[in-house]
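The values are calculated or read from the model by the stated rules, or taken from the named source; none is laboratory data. Small disclaimer: the values here were computed from a predicted structure and weren't measured. Cβ atoms come from the backbone with ideal geometry, glycine included; neighbour counts cover every protein chain shown.
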Amino acid sequence: MRITIAFLFLILSGTIISAQTTDVSFSSLLQEMGDRTAETYFPLPEYQSLQASSYNRESVSPEKPGWFADSDGVAWIREEFNGGKKEYVIMEHNGPGCITRMWTPFFYYNFDNRIGPNIKIYLDGAKKPIINENFIALLSGKGSIHPPFATFTARAGVCFLPIPFSKNCKITLDDKAFYNIINYRAYPKNTSVETFSKDLYAKEIPQLKNTAELIESTATLKGEWINSEENGIKPNDSLTIQLPTGTHALNQLTFRINPKTGLQSLRSTIVKMTFDGKQTVWIPLGDLFCRPDTINPFTTRNLAVSKNGEMSCNWVMPYSSSAKLTLVNLQETAISVTIGLNVGDYIWNDRSMYFHANWNNVGILPGNRFYDMNFIDITGKGVLAGDALTVLSPDKGWWGEGDEKIYSDEADVNRKFPSHFGTGTEDYYGWAGGVNPTGADQFSKPFGSNVRIGNQKNPQGYNICMRNRLLDNIPFNNRLVFDMEASPGTDIRNYWNLLSYSMVTYWYGMADATSNRTPRYDQARQKLMSVSEIERLQQMVRDSIILFNPGKLNN
């Protein structure tokens, strides 16, 4: 009886320290994907999250030319022949691991070519691929892997079905490679991993259906609701709600701002959260929910905003003894807000981590230069769980050529090259370019959302993307640096074009984990910038160039 109870405790806590600690199976990965509490525990067995992509190989170092090279869709690892036919290797790994995410656009070189090559996935040195079918169809949910594990977004397909392997993995295309991103886990050599097969896939159909329901559901985990009446908060005042003492988890957090309060309250109302005496969340309310200036309805696994303005956060936030939520009103006018908190049981252990949400308001950058904008720089141990990017553009052209560059641990930082180097901003968030986007390209999926496209006709205005990480989350042991290139498209890449950026990072960390993101009350108090205001600044820059150095206007 004692052994049974202890084993049950370890299962519930997400930590099994018996011989099964090194076991990774297709079923266990599906269970992990469906369990929202899983990411609150540092992974066991531990793994590296790695990425293979078609990024431009001219990018070799931030200290050398080519670091911001565009045209990220025509690179591969090598060419080889199999049965007399050429194949292009786009990913390979020796050792146990698991493919966690695959992305590609729905066109192939020519925007009118919607066919593209076949993808071949070879596992454990097998000469015959376990998957051999059309790449675009497979990732768009029209092949052997079905939604929500593979799905069409906006001009792209994304696949999240875990494909584990025990010895090695190689992925090829049977024609010249085009834009692609493959995320995968690399487990320690002694990890026992069950290799994916079609028979295994068929066997786990019931588990697949159950996991699909869980990742598509926004239902609250079991807990008690602490419902707040509509509260008024005076100018430059705050409201604090103490959560139940003892070991618990905040399973869901909801807000609704009274419309009469005004849109500035979205930026100037601060959400602060403290767990076990440590403040881990400091963020404007609107930015927490990807709505800096207006209601942007969307639904993902961890964040949602309804048409009536209710905002819901489903990231599980555990604590061992105490927690509190504080709202700070930085405006000169009173605000009115309704709050709901669902608090449930949680089993705390030495792998439990605290939830963090941090905001970085980069501000205005000129469109003629490239920058590595920093989402966050974290010191300590934790897991990157998601992020959101907001871009205010006064122009109708494309603003997001920039690639993500994510450095996991000091090894990446010291070699000055990230283990995650992407192919474009929209690619990182699961969709694709090819044409300037419109409101028709907005979408919501469990893994993220293209929340808003400018003024719906084109990107002029606020553009917002967010990503929830499922099995593709990124653990780190001592450091994580997350950068995104500011790289406007060529049609707006000029001196006078201005773009305003802000970004949010959602992550979990051990008690001693810290970041470079500190509270910025001054920025949150500032009036939210509108399109007309950034247009006015843009015209001032253009006028000054014409007045003082007209030759630069055409450079």
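I need the strands (runs of 3 or more DSSP E) fully contained in segment 297-406, keeping only those with at least 3 residues that are surrounded by 23 or more Cβ atoms within 10 Å (Cβ to Cβ).
317-319, 354-366, 382-393
Take the residues in segment 244-285 that are of a type in the set (G, A, S) and over 13 Å from K324 (Cα atoms); name whichever of them is modelled with the highest pLDDT.
By that ranking, first place goes to S268.
Test I136 against the criterion of being surrounded by 22 or more Cβ atoms within 10 Å (Cβ to Cβ), under 20 Å from E426 (Cα atoms) and of a type in the set (V, I, T), and give yes or no.
Yes: the conditions hold for I136.
Would you mind finding the one in K120, K167 that is farther than 19 Å from V24 by Cβ, at pLDDT 95 or above and of a type in the set (K, R)?
Testing whether each residue is farther than 19 Å from V24 by Cβ, at pLDDT 95 or above and of a type in the set (K, R) leaves just K120.
Would you pick out the residues in segment 437-490 that are buried (at least 18 other Cβ atoms within 10 Å of the Cβ) and without any contact (Cβ under 8 Å) to a residue 60 or more places away in the chain?
I453
Quickly run through segment 101-120 and pick out the residues that are among the polar types (S, T, N, Q) and either under 15 Å from L138 (Cβ atoms) or in a loop (DSSP other than H, G, I, E, B) (or both).
T104, N113, N118 - these are the residues of segment 101-120 that are among the polar types (S, T, N, Q) and either under 15 Å from L138 (Cβ atoms) or in a loop (DSSP other than H, G, I, E, B) (or both).
Do we find that I130 is over 25 Å from the mean Cα position of the chain (by Cα), over 28 Å from N450 (Cβ atoms) and not acidic (D, E) in this structure?
Against the criterion (over 25 Å from the mean Cα position of the chain (by Cα), over 28 Å from N450 (Cβ atoms) and not acidic (D, E)), I130 qualifies.
Give the residues of segment 50-84 that are among the charged types (D, E, K, R) and either surrounded by 13 or more Cβ atoms within 10 Å (Cβ to Cβ) or within 24 Å of N414 (Cα to Cα) (or both), sorted by residue number. Don't jump to the end; show me each part of the working.
The first filter runs over segment 50-84 and keeps only residues among the charged types (D, E, K, R), leaving 57-58, 63-64, 70, 72, 78-80.
If the condition is that a residue be among the charged types (D, E, K, R) and either surrounded by 13 or more Cβ atoms within 10 Å (Cβ to Cβ) or within 24 Å of N414 (Cα to Cα) (or both), then R57, E58, E63, K64, D70, D72 are the ones that fit.
Okay, residues lined up against (1) of a type in the set (S, T, Y); (2) at pLDDT 95 or above:
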residue: D287; (1), (2): no, yes
residue: D293; (1), (2): no, no
residue: T299; (1), (2): yes, yes
residue: M317; (1), (2): no, yes
residue: L325; (1), (2): no, yes
residue: Q331; (1), (2): no, no
residue: G340; (1), (2): no, yes
residue: G344; (1), (2): no, yes
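Among K170, K189, K198, which is the only one that is buried (at least 20 other Cβ atoms within 10 Å of the Cβ) and closer than 30 Å to E80 by Cα?
Numbers: K189 fails: buried (at least 20 other Cβ atoms within 10 Å of the Cβ); K198 fails: buried (at least 20 other Cβ atoms within 10 Å of the Cβ).
Only one candidate passes the filter, namely K170.
Would you please name the residue that is farthest from the chain's Cα centre (by Cα), looking only at residues in segment 224-283 that are basic (K, R) and more than 25 Å from S502 (Cβ to Cβ)?
At the first step, the residues of segment 224-283 found to be basic (K, R) are 234, 256, 260, 267, 272, 278.
This time we only want the ones that are more than 25 Å from S502 (Cβ to Cβ), so: 234, 260.
Numbers: K234: 35, K260: 32 Å.
Only one residue tops the list, namely K234.
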